[in-house]
Amino acid sequence: MSVLSAISRLPRPTRTAAILAASAVALAGCGGSSLDQSGGGQSSGEIKIGLLVPLSGVYAPIGQDMRNGFQLYLDQHGGKLGGRTVKVVTADEGDGPQTGVPAAQKLVTQDQVTTVVGVVNSATALGLRDFFDESKRPLLVANAGADDITGARQSDYVWRTSFTNGDVGGALGPAVADEVKGEVYLIAADYAAGREMVAGFRKTFVAAGGKIAGEDYTPFGKTQDFQPYLSAIRKSDADAVFAFYAGAEAVNFVKQYNEFGLAGKTQLYGTGFLTEGGVLAAQGQAALGVRTSLHYSTELDTPRNTEFVAAYRGKAGKPPTAYAVQAYDAAAVLDKALAASSGKGGADLVKALGGVGAVDSPRGPWSFGADHNVQQKYYLREVESSGGAVVNAVVRELEQAG
Ligand code: PHB
């Protein structure tokens, strides 16, 4: 049994202490200094940053977009953040905490990174919260929307450059209540993100007078055939559907929704991940007319976004995604925070994160709230044909509920 897997069987507080102690022993054995819990123990010229994203599983394409976004920022800034040359250490989050938590622990204890950026899956983020809190290493979540990470379980050491699940779902509720004069069926992947996006949507939709026709949650990462669920939707006589799926699951759901004959009869809505990036390219015409809420679209008509889309296309050979923007912005935030701090990481970096102010993002300017989460606009988007491709056209800005 490896040291890390033996440690993973210990109770939580003992576990964090044991991980940090084991890494100090490993470092001493290599002739390195003992572990400085406030930072990465690195030379002043170079800084190591851990990039934890899925390189395998349902969300692997999302991980690739995030790597591209982070790397684009580095390329545009001479490979430096805050004046220091960056060495990126990439690790595979896989499909959730079973793989993501040990991978993050290895980045901190063995690779000695100053901070970890990434995390796609809400369940991974929830599983990591205590480790980063207790080891006092900053974690910049660049996707996972788990509500509690910047809510009930907020930590000084956990920051987010993406969104909160409940906010993305909640942004769409009033618009759907206004557009659909009937009942809406709710369906999502059965884990924290799916449950929270549906809960956020339900709250604002019902408050705006909307009615629910039924709901279903599909086993995450295991559902390829959506026919039984699509039959239940048809039987419910719903007038519209709200869905959360992302990555490979989003491709299958939207294609099968179309093949089953629901598209064009029962309006499909969702959080924007349902039709984002490579997912949309794979869905093609099957996604036409799908309406979603998100904080980004390649079609946002601003000079900042036009410039970003061109630069990203030049690097990746395809259009960017919200995932790429979130990771690009994480690099931008670290650039500012590292420039304003000692570079040691830990509490010093956290203090600097609190002072980064407005971020000039391709999604539009945003800043951190007191909860360490992004304060930003959401847009209503609709899938349309444009120049031989399908895109998420921006219909309008959504009003923020509450
Ligand atoms: C999440 O698990 O929080 C999550 C995953 C993929 C997405 C959005 C949210 O596209």
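Restricted to region 67-148, the set of strands (runs of 3 or more DSSP E) holding at least 1 residues that are away from the ligand (no atom under 16 Å from the Cβ) and modelled with pLDDT of 95 or more comprises 84-92, 115-118. The set of residues from region 149-181 being within 12 Å of the ligand (Cβ to nearest atom) and assigned to a strand (DSSP E or B) comprises just one member, ARG160. Among the residues of region 304-319, none qualifies, meaning not one is in contact with a helix residue (DSSP H, G or I) (Cβ under 9 Å, 6 or more places away or on another chain) and under 30 Å from GLU134 (Cβ atoms).
Okay, residues lined up against (1) of a type in the set (A, V, I, L, M); (2) at positive phi; (3) more than 15 Å from the ligand (Cβ to nearest atom):
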| residue | (1), (2), (3) |
| --- | --- |
| ALA232 | yes, no, yes |
| ALA246 | yes, no, no |
| GLN256 | no, no, yes |
| PHE260 | no, no, yes |
| THR266 | no, no, yes |
| TYR269 | no, no, yes |
| LEU274 | yes, no, no |
| ALA281 | yes, no, yes |
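Per the listing ALA347, ALA370, ALA327, the residue uniquely small (Gly, Ala, Ser), assigned to a helix (DSSP H, G or I) and surrounded by fewer than 21 Cβ atoms within 10 Å (Cβ to Cβ) is ALA347.
Which residues, taken from region 308-326, are touching a residue at least 24 places away in the same chain (Cβ under 8 Å) and either closer than 22 Å to THR164 by Cβ or not aliphatic (A, V, I, L, M) (or both)? Result: PHE308, TYR312, LYS315, LYS318, PRO319, PRO320, THR321, ALA322, TYR323, ALA324, VAL325, GLN326. Before we move on, is VAL184 over 25 Å from ALA347 (Cα atoms), more than 16 Å from the ligand (Cβ to nearest atom) and not charged (D, E, K, R)? So VAL184 fits the description; yes.
The values are calculated or read from the model by the stated rules, or taken from the named source; none is laboratory data. Since the model is a prediction, treat every value here as computed from it, not as a measurement. Cβ sites come from the backbone with ideal geometry, for glycine too, and all protein chains shown count toward neighbours.
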